[in-house]
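*Asks:* Have a look at the structure that comes next, please.
The values are calculated or read from the model by the stated rules, or taken from the named source; none is laboratory data. As the structure is a computational prediction, the values presented were derived from the model and not from experiment. Virtual Cβ from ideal backbone geometry, glycine too; neighbours counted across all protein chains shown. Calculation scope for accessible area: heavy atoms of the full protein, side chains included, ligands and nucleic acids excluded. Shrake-Rupley method; radii C 1.70, N 1.55, O 1.52, S 1.80 Å.
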Amino acid sequence: MMNKSIFSTKSTLLYSAAFLGASLISFQSHAVPFTTTEISKYLVIATGDGTNGDNFESFNMSNVEIGADQEVVSSGQNSPQQVFQSFTSKPDLTGDYVPNDGANAAPSGNRWDDNDPDAPNDTVGVPDTLPGGPTLPGARPLFEGRDFSGNVALTGEFAEFGTSNSDVHADSNIGIQCNRASVSDCINVSSTNSFFDISAADPDNPENLNTGYGINAGFDPTSLTDELEDARDSIVSLGTELVLDENYANNFLTNNNIKDSGAPTILDLDAIDTNNDGIAVIDIDVDGSSFNINNTDWILQTTNDVFAIIRMADGTGFDFSNSSVMLGDGTNNSTDVIDELGAIFFMDAYKGTNTLFELSNTILGGVALWDLTDFNPNRNQLLSNAPSVFDPGFDEDNRTVINAGQNAQGCSQFISNQVLMSDARWNRCDFAEDDPGIEIPEPSTIAIFGFGLIAFGTVRRRALLK
């Protein structure tokens, strides 16, 4: 089976690029150019706020588990091996990815190898290394089970969250952090049937989230929002190494998977890191439209631990539909479980559409979705170089949203004014604990010809379960 690499041909079209590198002041490999001490603590950071007497629900989950992904390529069925679940409906991705139970990926068959049968006979709690759970040939496997990484931060002084039929597996010392005076102010009164689990030793006795267990009021978000200001300043200051347009999405990110085209799209990010600083900086220019990934398995491959920052330069948002975006290490049957971020999709302005990231029937492995519009003083201008200032605003017409799942799962991180989830399973992928950051490369110019390329990377792995 031939994989499409960034230097491959498709039909008779040759895709090429010319790069002009950035000069680097100094660097350390595997790092991102900003501090992540506070950012790394949370799966969800919801930055929206309300006003006195008019609370704003900045985070909502329905039929969700966070801090756990107990069935990779979820079947939507009940399993006695999966620790307590309050779902009334579970995510079901088998029809898109493994319609043939127990079969390997093949043209006109499965998109992924289904090494693990559907619930109730699946082997929950075992990392998805062969012969574990379903895997995408050429990609690193996802972790299957609970890692208690489902911490949430609500930064707004008048923010709250809503939940129904959902389970939070998180650190009891962090849990759901809320910038309110009392726990009762943090959770929407209409929330129902949701639980908080902190005990791997006693998983059958979760605490009732609706009574306030696992919610920590009095949270001061200053250190977190300061880090995010610095992160945005660093990201918008980076010199571009690659530009992608809609032609790339149409030719490489539409109907590219083993089932429908014979191969996933494999992207060699090492080739894009032209200055060898360990970071691939990619701008997306889709001429005021949405950047769409449709019915595609997209492997973001690196053998040099390159980290990718993918910035929206001209467009309205990102749309992931019936697609997976996974990290790869250049081996077909990798056993290196994804447990850290290798890429950030980044957007920092409202461009006429409230939902900046939309996920439907999607699997993410090591890819974060960051909307830092609330940190952009020119919130209608993408990649404004004005110094970042945190201001969530209260205008309902230009609030920004991440819809992190209508049937979605994997290992990721979500930052936005408002984060919504339904029928989803999410673990947190974060940054290397010992990452001190790097100094920022001086901006560079770039010439890109043809349809363009794209790439992502991974960073140093942390322990699977702490």
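*Asks:* Give me the pairs: first residue in the range 41-62 and open to solvent by 10 Å² or more (accessible area, probe 1.4 Å), second residue hydroxyl-bearing (S, T, Y), beta-carbon distance under 8 Å, and six or more apart or on different chains, which are they?
*Replies:* Qualifying pairs under 8 Å: D49/S58; D49/T155; N60/T163; S62/T163; S62/S164; S62/S166; S62/S422.
*Asks:* Here's a follow-up. Could you tell me how many of the residues in the range 314-330 are of a type in the set (S, T, Y) and touching a residue at least 60 places away in the same chain (Cβ under 8 Å)?
*Replies:* Count: 2.
Rundown of residues vs (1) open to solvent by less than 40 Å² (accessible area, probe 1.4 Å); (2) in a loop (DSSP other than H, G, I, E, B); (3) closer than 23 Å to S237 by Cα, yes/no style:
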position: I284; (1), (2), (3): yes, no, yes
position: N292; (1), (2), (3): no, no, no
position: I299; (1), (2), (3): yes, no, no
position: T303; (1), (2), (3): no, yes, no
position: I309; (1), (2), (3): yes, no, yes
position: M312; (1), (2), (3): yes, no, yes
position: F318; (1), (2), (3): yes, no, yes
position: G330; (1), (2), (3): no, yes, no
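*Asks:* Still on this structure, I have one more. Just checking: which of the strands (runs of 3 or more DSSP E) contained wholly in the range 184-270 hold 1 or more residues that are in contact with a His (Cβ under 9 Å, 6 or more places away or on another chain) and touching a residue at least 24 places away in the same chain (Cβ under 8 Å)?
*Replies:* 195-197
*Asks:* In the range 370-419, which residue that is modelled with pLDDT of 95 or more and in a helix (DSSP H, G or I) is nearest to the chain's Cα centre (by Cα)?
*Replies:* In this case the residue turns out to be T373.
*Asks:* Something else: Against the conditions (1) open to solvent by less than 10 Å² (accessible area, probe 1.4 Å); (2) in contact with a Lys or Arg (Cβ under 6 Å, 6 or more places away or on another chain), where does I402 fall short? Just the number, please.
*Replies:* Failing condition for I402: (2).
*Asks:* Among the residues of the range 339-350, is any open to solvent by 10 Å² or more (accessible area, probe 1.4 Å) and in contact with a Ser or Thr (Cβ under 8 Å, 6 or more places away or on another chain)?
*Replies:* yes
*Asks:* Would you confirm whether any residue within the range 344-356 is in contact with an Asp or Glu (Cβ under 6 Å, 6 or more places away or on another chain), under 22 Å from A280 (Cβ atoms), part of a strand (DSSP E or B) and among the hydrophobic types (A, V, I, L, M, F, W, C)?
*Replies:* The answer is yes; a qualifying residue exists.
*Asks:* Can you name the condition, by its number, that A181 falls short on among (1) small (G, A, S); (2) in contact (Cβ under 8 Å) with a residue 40 or more places away in the chain; (3) surrounded by fewer than 21 Cβ atoms within 10 Å (Cβ to Cβ)?
*Replies:* So A181 meets the others, but not (2).
Conditions tested, residue by residue: (1) open to solvent by less than 10 Å² (accessible area, probe 1.4 Å); (2) acidic (D, E).
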position: A159; (1), (2): yes, no
position: D171; (1), (2): no, yes
position: I187; (1), (2): no, no
position: N205; (1), (2): no, no
position: Y213; (1), (2): no, no
position: E227; (1), (2): no, yes
position: N250; (1), (2): no, no
position: D268; (1), (2): no, yes
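*Asks:* For the range 254-266: of the residues being buried (at least 23 other Cβ atoms within 10 Å of the Cβ) and at pLDDT 95 or above, which is farthest from G138 (Cα to Cα)?
*Replies:* Among those residues, the one meeting the criterion is N256.
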